[in-house]
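The values are calculated or read from the model by the stated rules, or taken from the named source; none is laboratory data. What you are looking at is a predicted structure, and each value in this text was computed from that prediction instead of being measured. Because the Cβ atoms are built from the backbone with ideal geometry, glycine has one as well, and the counts that use them run over all protein chains shown.
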Amino acid sequence: MTLYSLETGKYDKALLRIVHTQDYQRFKGAGFNAQLRAITELFGEAGLQKVIDGSSDEFKQWAKKKVLENEWVPDRVGAEGLSQADKILGKGDLTVIRKLGYMVAKYNLSGIYKAFVKLTTIESLLKRADVVWKKYYSDGYIEILTQEPKHYIFEIVNYQPYPSSCIALLGWLDTFLEVYKLKGTATHPECKNRGGKHCIFEMTWK
């Protein structure tokens, strides 16, 4: 079984999906720390404690330790934190998850990517979305499917998402539109967690 073809220079996406599992997926501590910060800013220290108390022992351990920015955190831990925040502090309608994704993106785009945002367009940022993705995730990559004026469609490949991960990514896309002062929408028309074969995201703006 060959995952990478020297002839085409591409990965076999079908095989990648077969061999990949969520258990091995990791994301950087910078993202996890930003998630805890966002929960605290939205709901206070008491709100964060409620999420910790209502979560698994594994999440409790990660939430209570000092996580280094470059440390790898199990993806399931971040996904659980998002889901529990929505369930415990929200209405369970995914709104809190999207808001947290939006806030985490704001922290990052006002930090290391601040200068890049000021000097570029949203098209430039989306073309580099895979670079941003790989900065935070151990697995997966972004493949742009449609690249038209004010309209982008892309797929997350070689990544088995948790439902909360997909919703949080929509929050990131909301932030992209906001920082470039654009009126538009970000949607998730196809999702593996809803029975789809792919995880597809779409953005349009005026």
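GLU202 passes every criterion in (1) surrounded by 18 or more Cβ atoms within 10 Å (Cβ to Cβ); (2) in contact with a Ser or Thr (Cβ under 8 Å, 6 or more places away or on another chain) apart from (1). Within the stretch 158-190, being aliphatic (A, V, I, L, M), crowded, with 17+ Cβ neighbours inside 10 Å and over 13 Å from the mean Cα position of the chain (by Cα) holds for LEU177, VAL179, ALA186. Of the residues making up the stretch 38-71, those that are part of a helix (DSSP H, G or I), aliphatic (A, V, I, L, M) and surrounded by 12 or more Cβ atoms within 10 Å (Cβ to Cβ) are ALA38, ILE39, LEU42, LEU48, VAL51, ILE52, ALA63. Right, VAL131: touching a Leu at 6+ places or on another chain (Cβ under 8 Å) and assigned to a helix (DSSP H, G or I) or not? For VAL131, the condition - touching a Leu at 6+ places or on another chain (Cβ under 8 Å) and assigned to a helix (DSSP H, G or I) - is not met. Please determine whether any residue of the stretch 135-146 is touching a strand residue (DSSP E or B) at 6+ places or on another chain (Cβ under 8 Å) and part of a helix (DSSP H, G or I). Within the stretch 135-146, one or more residues are touching a strand residue (DSSP E or B) at 6+ places or on another chain (Cβ under 8 Å) and part of a helix (DSSP H, G or I). Listed by first and then second residue, the pairs with beta-carbon distance under 8 Å, at least 6 apart or on different chains, first residue in the stretch 14-36 and farther than 30 Å from GLY47 by Cβ and at pLDDT below 50, second of a type in the set (A, V, I, L, M, F, W, C) and part of a strand (DSSP E or B), are LEU16/VAL157. Taking the stretch 143-153 as the range and being surrounded by fewer than 21 Cβ atoms within 10 Å (Cβ to Cβ) and not charged (D, E, K, R) as the test, the residues that pass are ILE144, LEU145, THR146, GLN147, PRO149, HIS151, ILE153. Does LYS181 satisfy the condition of being closer than 22 Å to TYR107 by Cα, in a loop (DSSP other than H, G, I, E, B) and at pLDDT below 95? Yes; evaluated as a whole, the condition is true for this residue. Beta carbons closer than 8 Å, at least 6 apart along the sequence or on distinct chains, pair a first residue in the stretch 120-148 that is farther than 23 Å from ARG76 by Cα with a second that is outside any strand (DSSP E or B) and among the small types (Gly, Ala, Ser) for ILE144/ALA129. If you go through the stretch 102-116 one residue at a time, do you hit one that is of a type in the set (D, E, K, R), touching a Ser or Thr at 6+ places or on another chain (Cβ under 6 Å) and buried (at least 18 other Cβ atoms within 10 Å of the Cβ)? Yes.
On the basis of being surrounded by 15 or more Cβ atoms within 10 Å (Cβ to Cβ) and out of contact with any strand residue (DSSP E or B) (no Cβ under 9 Å at 6 or more places or on another chain), does GLY92 make the cut?
Values: surrounded by 15 or more Cβ atoms within 10 Å (Cβ to Cβ): no; out of contact with any strand residue (DSSP E or B) (no Cβ under 9 Å at 6 or more places or on another chain): yes.
For GLY92, the condition - surrounded by 15 or more Cβ atoms within 10 Å (Cβ to Cβ) and out of contact with any strand residue (DSSP E or B) (no Cβ under 9 Å at 6 or more places or on another chain) - is not met.
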